[in-house]
Structure formats: structure tokens, C-alpha cells
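Here is the structure we will look at.
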Amino acid sequence: MSRERNLVAGAVAFVMIVAAAACNPTKDLVVPAPPVNPLFASYVSLGNSFTAGFQSGGINDSTQHQAYPVLLAQQMNTPFTVASLLDPGCPPPIDSFPKGTRVGGGTSTTCFFRSQVSGVAVLNNVAVPGAASFDPASPIGTGGGGPLTTFILGGKTQVQRALDAKPTFVSIWIGNNDVLPAALSGVLDSVPGLSPGVTTEAAFESNYNAMMTGLDAGGTIKGGILIGVVNVANAPLFFPAAAVFAPGVLPALEAAVGAPITVDTSCTPTTQSIINLELLQAMQAGAAPDTIACHALANHANGLGEVFVLDATEIAFVTQAVNAYNAFIQQTATTKGWAYFDPNVPLAQLREGGQIPVLPDLTQPTKPFGDFISLDGIHPSAAAHVLLANLMIQAINAQYSTSIPTLASP
Amino acid sequence: MNVFRAPTLVMLVACGAVCGAHAQGFQLNEIGSCAVARGFAVTASPCKDPSTIYWNPAAAASLEGWSVYAGVAAVKLGGGFTADTSRTFSASDAPLSIAPHVFVNYGSKDDRWAAGLGVYVPYGLTSQWHSDFPGRFEALKASLSSIYFQPNFAYRFAPGWQVGGGPVFAYSHVELRQSLDLAQQEAVPGLTFGQLGVAARTEFARAKLSGSGTAVGFNVGVHGTLGADWEIGARYLSPLSVHYDNADATFSQVPTNLVLSAGNPLNAPPGTPVDGVLSTEFAPGQPLSAQKVSTRIKHPAQFQVGLGYSGLVTTRLEGDFEWTQFSSFDQLPIAFKGPASSQSRTLFENYDNSWSIRVGAEHAFAVGIKGRLGFSYVRSPAPDETVTPLLPDVNRRNYMVGFGIPLSPRYTFDAAYLHVDTSGRRGRIADPTSAGQNALDLNSGFYTLDANVLSLSIRANF
């Protein structure tokens, strides 16, 4: 009998040994390396074309991945997904400035879709080109938006899509389109078909508050960085009208247009007006007379001096609006204990340092606006995104005592 | 607008098929409490009850007179899925399953022949997940109930040696519930909603497939003695090809609350609710209307061989090897009989053969009480890229313990407890999006799986 007892005992021991070999059930998880700080466990960026990665008048997978939020996430060491758009883009970026040709031979209306594999469940960059302060929290279909609104957000608002990611940290750069389209048109009041006008301060604050309230409702956000609106009057696409009196400038403009240009008497060497370079395109297309006027003419003939032109009064109005927006954004950041970043400071430094030329070199096919502004004269280049990301990192680190490493300068 | 894309229904049916064919995965073999307690190692030295009609049809010849064996096994699956990125754990929601078994046998007084009938449920489990489980687009619920009816005849053709067997008539019912992902559906030909920006795993419908099928096969065995102390046995259960000819596929819409913006490729006005666009697809005659679908699932063959030792005075020992031909589960013909009939196709699977090693012991105590102990190790047939919510199949370790108590000279009560233990396994919760993706590309988390089984049986001899 003892032999049998030994056998039974042996069997029990065998079973216990094998049972003990059962392992930790989660040891085989492929867990991403943790972020540099738990604050960045889930980072979401809201905004417009600057944040989405629009460059040179277009956007595609390549430009999307050059955008500052992607760089920030990379440095935070946190997973980050973008709504990858198939090459050549929607629309394809301009690849040669004087000719205006675009990647892949597309046009400004070419639009490819999302890549098949990009149907991600969680989207981290929910910014949409063209979005103004009204858009992030407003029901789809009530604001602006085009195909990109659908392709990026898929039927939800920026706030809704952001909350899907259960964000712990957000960056918000919204408000440029509350003033930029009107400024570019030269008409600051709302004129259907010509200008959406400048969003009033009250409306901007209401929109911004609605967005922040929507984000707060998610209950997951522990921090963020709010980014001020760019003073669009400083956009490189504008050049000072007085420059036409400098040697060689007018001939260069005429060469670009391909026809002689008349300088109206409203322009003087001391004028403060600035002119949108798109005026030259309009001249080329025959949509505008080959005349540069620096103030709205008395009879408003052909929009001369009004369309594509901002005079000193209008520049002051735009600047005042942007300053008011930014004061509110900064106040919001302060109230929430978030970081704030004013992009106008480095923009001014680049202009003063000549890295963003006062007058673009119209003969340059790839860098008419310098290294930091892409071929559309508005949007940051890849190099500028690196610069912006580093400045934001400094602001975040200062606010939260974190240690996000900066990127190597391009 | 055509928002329906063929793989929706194909996957629905395919998932049901895979569930049915996951015999090793769901095959807890909870057929008879004595066999369960002995680690399923009962081919050579069978339990002295009619459940041997399943375990080794030949050995039924050694049972004298009328005998009946009936009982149930209660099976509770546990486990869940932990996502890599979020580390979020989604627990399984599988309900308690009850699998009955009934065997009747009459053996001649001279142990020369026996005839009997077995009714048992070799596949009877359900995998089920909570409604917010991210893998619900693979499976929200998958259940299979297959009842086998096996008439049996056994014959002793030489002293100590018997053969036996009989046909197996199978009735199988399968049910699958699955969420449908809008991102995978076509908005316009060649363009999915995912390419329009709709997030992956946006649930817009739930599908239910329910169907029944039958099949005929056979189960045969041989049993013999090798001297006074050794026994040997083997059984072979043929493959059964179950035809689910009139399965019902039904769909119900789930609101997405998505809205189309201006400039959308559907050319719908800005502000158009997506749900309104989709609702037409559920109307009678439309792709997501109720329809019939059929398929055929080949249940793999099983072979088990064992060696028993009874040289000890009061203890019997046995070790078995079991092999299941899952490689035969290679094709799934899917035939739609409704608006999706043009989408009929054949799917190809890639399961490996599986095997298990089973060991068991039975010790006789005083007054006829018997204590039993068993262990088996099961090698999963599922390749690394096919570990899904339907059944996150994994190598298993089964630990069994049980006893038998004589209630009277005529009746005996058997009980067994079985714990299924695994080390878990990496798996996926979504379908491949392109050909050539391997487990490294697909698997996004870790499945755990365990089960507890309580089996109770009564044996009566007349």
C-alpha cells in the first residue's frame, strides 16, 4: 500500500508543480515605453491648418508628420496618430513657387482620401485646416469646413474626437482663421463671397469657452498648452506697399505678373499699407487690374486699394483683434494653470533677423519666403515646426516642471 | 448609395464557423464525471459505466446487464483581454453552460457483446463579451451546442479483446452575435467610411447569425488486455461535416450620431446625419436585411490511444495520447441566399493539428469509495495570428479531481471538478487589413483564459 500512496502523492506533487508553473498573465504584453511624464499619457492636439500640418497650400501624409504636434508627441514619448491623407494630398502641396505646380501634378481642387489603413480608432491630431474658433465645439455642418473636415473628423467635432482619445494633455492653437481670411481679402467686414469678416472678441471668447467646456466634460485632461493667434498682418504673404518704390522691386513684380503694373497715387514711399501677394495672381488671371493702390479709392473702383490690401487703419484693427484674442487665451491658460505660448514673439524675431524676408524673392522656386515659411507664404515650413515644437516644449517644461527633451535644430 | 461591403456577412458566417470548428478550444470533454476526474485518460482502462460508449465503444462489451449513466457538467469560462497600449482589461462575460449526458447500455451476461446508446454534448460552450468590448467586431457572442446521438455495438472477438462502434448522428446549433464596424463599410464603391475619416470600431449595426445543421459520422474503438496488469485501447471519431443550410442572418441598426460636413464625398447636404443615410440599408431587400445563409463546417477527426496499468491492488493508472486533425479544417464555403448572394465565396483557414497528453489515476478506498485524479496538457491548434475574441485558444493544463460513492448496490454517485488553466496568449481584436500581416502585426494584447467545470453523474445498474 505504501507504494500506492507514494504514487498518489507523486501525482499530486506533479500536478502542484505544473500548476505553480502557471505564469503572470500579463507578462507578454507589448506595452509601449512610458511617456516622459504621466501627464502626457494621452496627448491630443486641436486647431487648424497650422496644427494639422498644412504646408505650401496643401496637406498630405508627409506634411502631416512634420507638424509640431507630431514632434511634441515624439519628444513626449507618447503614442500619436494622425488622419493620414493619401499622397499627393488634399490638396497636394505646391512644389514650385513661381509656377504654382503641385505635388503629383494636382491642382488646388485635387483631393485624395484617407489611406485605407489609417482608419484608426483613436485620433490624436484632430485639427482641421480652415477651422476657426467656432468649429471645434459646434455641430458638424453649422460652421465652415470642407472635405477635410469629413476626412479628419469622420462626422464628429474636434472636441468629440479629442475626447475619444481620453486625453490627459492637450494643445490648442485656434483663432487664426477668425481673422486671416478677412485680412487676406483686405475686407475686414463680412461680405458674402468676398470676406467672412473678423470674429468679434465677444464671439471669439464665447466660442473658446464652449470648446474648453466641452473638453472639460471629458474629465480626463490634466494639463495643456494654449497657443496664441498669429498676427496675420505679419504673415509673409503680405509685403509692404512702400517696397514698390525700392529699386528693382516693381520690375520683379511685373516680371511675376508678366505685364506692366501701374502704381496708383495713393501709394507713397511712406505708406504703411501691406499687400497680399495673391493680388499678383489675380492680375495674372485677369481678375484684377494691373494696378497697385494703397488705400481704398473713393469710388471703390474694381476694389482697387481695398481687396488684397490692408491699410494702416485696417492693420491696427487686425492687430487689436489678435491682441484681444491672445489676452483672453493667455488669461484662460493662467486660470487653468496651463502653459501659454505666443507665436508672435519668435515670428517677430525671425523677421527682424531676416530669416523671414520682408519681401519674398519671387524668383526662388522653393524658398521664396525663407527657410521657415512654406511656399504659400502663410504656413510654417518643416523647419518652423521644429522651432515651434522646441519653444512649446520649453513652455510646457517651465509650466509643469517636466523634462521633455527638445529637438535638434534643423 | 451602397454602404454594404461583402466581408460583413462573410465574416459573420466565418466567425460562426470558426467557433464551431474550435473543438479543441471548446472541447472540455465533460462527458461522464468518472472520465473527467481521471483526466480523460480512460481509453485503455475505462470507467465501469456506459460513458465508455464515447470514450471507447469497444469496452462497453465488458459491462454486464442494463446500465444507465446520466449527469450534467456545469462549465464556467473566465478570462479576458488586456490591451497593450491602454492596459485596459476587458473581462469575458461567458455565462454558465450546462452540458448533459445520458448513456444506456445492455451487456450480455457472458461479456461477449453489448448494445447501447449515448447522447452527449462534446461542444457546448459559449464565448461572450460585454457590449463595450473593443473586440466585439470580431465576436460579441459565439455559442455552439452540438448534441451527438450514438448507437453502439461492442463485441468480444477474443478473450480480453473487444471491438465496438457505431454511427454518430450530430445535431448542431450555432449562434454568433457581432458588432459591425462602419469604418469598414463602403460609402461609395471603392471608398470606405474609414477613408472618409470615420473612426475604426464605430459600431453602426449588430448582426446575429443563428442556424442549425446535422451530420453523420462514426465512433469506433478497440480494447484489449496485455497480460494480467496491462490494458490498451484506442478510439477514432470520424470527421463530421455539419451543414448549416438555412441559417438566419439578421441585423439591427445602432446609432452612430455622426454628421456629414460640407463637401463630403457623398454629396449630401452639410449636417446630414449618417444614421439616416445608413437606415436604408436595413430595409427589406437591402444588403443588411434579414436573409438566409448556408455553410458547411467540417468537424475534425479525433484519435485517442491509451495504456492502462492495473497491477496495483487498489489503484489504476493510465496515460493517453489524443490527436485532433484540425488541419482538415481548411475551407469554408459561404453561400448567401438573399441580397448578398453575389458575395458567396470560399474562405481558407490555416489551423494546425492539435494533440493532448492525458494521465489519470483511480484509487479504491474502503466501502467502495473511489478517489480520482487527472491531468492533461492540450496543445492548441490555433496559429498565433488566429487568437481572437471568438475563442482565444491557447495551450491548456487541465487539473482534475473527483470521487465515486456507492449509494446503494444499484446506484453510484460520481463527482468531478476540473480546472482549466492557461498561461494566456497574445492575440488580436481586429481583422487583418491587408494580406501578409503576421501575428506581430495583428496581435494587440493578451488573452487570459480559464475554466472551471463541475461534473455530476449517477450510475445505475440493473
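The values are calculated or read from the model by the stated rules, or taken from the named source; none is laboratory data. These numbers come from a predicted model, not from an experiment. Cβ coordinates were reconstructed from backbone atoms using ideal geometry, including for glycine residues, and neighbour counts include every protein chain displayed. Note: areas computed on protein heavy atoms with side chains; ligands, DNA, RNA excluded. Shrake-Rupley method; radii C 1.70, N 1.55, O 1.52, S 1.80 Å.
The table below gives the values:
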item: Extent along principal axes [Cα atoms of chain A; Å; largest to smallest]; result: 121, 45, 41
item: Restraint check, B:141/B:292; B:208/B:292; A:156/B:208; B:76/B:298, Cα-Cα greater than 23 Å; result: A:156/B:208; B:76/B:298
item: Helix axis angle, B:7-21 relative to chain B longest principal axis, alpha carbon, degrees; result: 10
item: In Hz, Karplus ³J(HN,Hα) per residue of segment A:78-88 (6.51, -1.76, 1.60; θ = phi - 60°; x = Gly, Pro); result: 10, x, 8, 10, 10, 7, 4, 9, 4, 5, x
item: Contact order relative to length of segment B:7-461, as percent, for alpha carbon pairs under 8 angstrom and 6 or more apart; result: 19
item: Estimated buried accessible area (total), pair B and A, 1.4 Å, Å² to nearest 100; result: 3400
item: Whole-Å semi-axes of chain B's equivalent ellipsoid (Cα gyration tensor); result: 48, 21, 18
item: Whole-percent carbon and sulfur share, accessible surface of the protein assembly as shown, 1.4 Å; result: 59
item: Spin-label proximity, residue B:438 to segment B:383-415 - amide N less than 19 Å from point 7 Å beyond Cα toward beta carbon; result: B:383-388
item: Cα-based Rg / Dmax (Å) for segment B:354-442; result: 20.1, 65
item: For residue A:102, distant residues with modelled amide H under 5 Å away; result: A:95
item: In Hz, Karplus ³J(HN,Hα) per residue of segment B:254-270 (6.51, -1.76, 1.60; θ = phi - 60°; x = Gly, Pro); result: 10, x, 9, 6, 7, 9, 7, 9, 5, x, 6, x, 7, 6, 8, x, x
item: Two-site FRET efficiency, residue A:327 against residue A:217, from Cβ-Cβ distance with R₀ of 45 Å, rounded to 0.05; result: 0.95
item: Test item: A:155-165 mean partner chain Cβ contacts at 10 Å; result: 3
item: Amide H partners (placed H, <5 Å) of residue B:290, local residues excluded; result: B:251
item: Highest-MSF residue in chain A out of A:139, A:167, A:129 [GNM, Cα springs under 10 Å]; result: A:139
item: Dipole magnitude of segment B:7-461, debye to nearest 20 (Cβ charges: Lys/Arg +1, Asp/Glu -1, about Cα centre); result: 760
item: Cleavage-rule hits, trypsin sites (Lys or Arg not before Pro), segment B:97-197, DSSP coil, Cβ neighbours within 10 Å at most 12; result: B:109
item: Residue-averaged beta-carbon neighbours from other chains (10 angstrom radius) around A:121-131; result: 2
item: GNM result for chain A, Cα springs below 10 Å: residue of A:194, A:39, A:310 fluctuating most strongly; result: A:194
item: Inter-part distance where segment B:355-416 and segment A:352-402 are each reduced to a Cα centre, Å; result: 70
item: Long-range HN-HN contacts of residue A:376 with modeled amide H, under 5 Å; result: A:56, A:57
item: Computed [θ] at 222 nm, deg cm²/dmol, chain B (DSSP H ≥ 4; -39,500 (n - 2.57); rounded to nearest 500); result: -2000 deg cm²/dmol
item: In sequence order, calculated HN-Hα J values of segment A:124-131 (Karplus, 6.51, -1.76, 1.60; Hz; x Gly/Pro); result: 9, 9, 9, 5, 10, x, x, 5
item: Listed residues A:297, B:368, A:105: farthest to the positive end of the dipole of the protein assembly as shown (Cβ charges); result: B:368
item: Whole-angstrom gap from segment B:271-285 to segment A:96-149, using each part's C-alpha centre; result: 25
item: Magnitude of the charge dipole, chain A, Cβ model with Lys/Arg +1 and Asp/Glu -1, debye to 20; result: 1740
item: Computed helical MRE - 222 nm, chain A, DSSP H runs ≥ 4 contributing -39500 (n - 2.57), nearest 500; result: -10500 deg cm²/dmol
item: Shielding by other protein chains, B:188-196, mean Cβ within 10 Å; result: 5
item: Positive-end residue of B:443, B:284, B:381, charge dipole of segment B:7-461 with Cβ unit charges; result: B:381
item: Packing rank of B:334-340, A:254-260, where each peptide gets the mean count of other beta carbons within 10 Å, highest leading; result: B:334-340, A:254-260
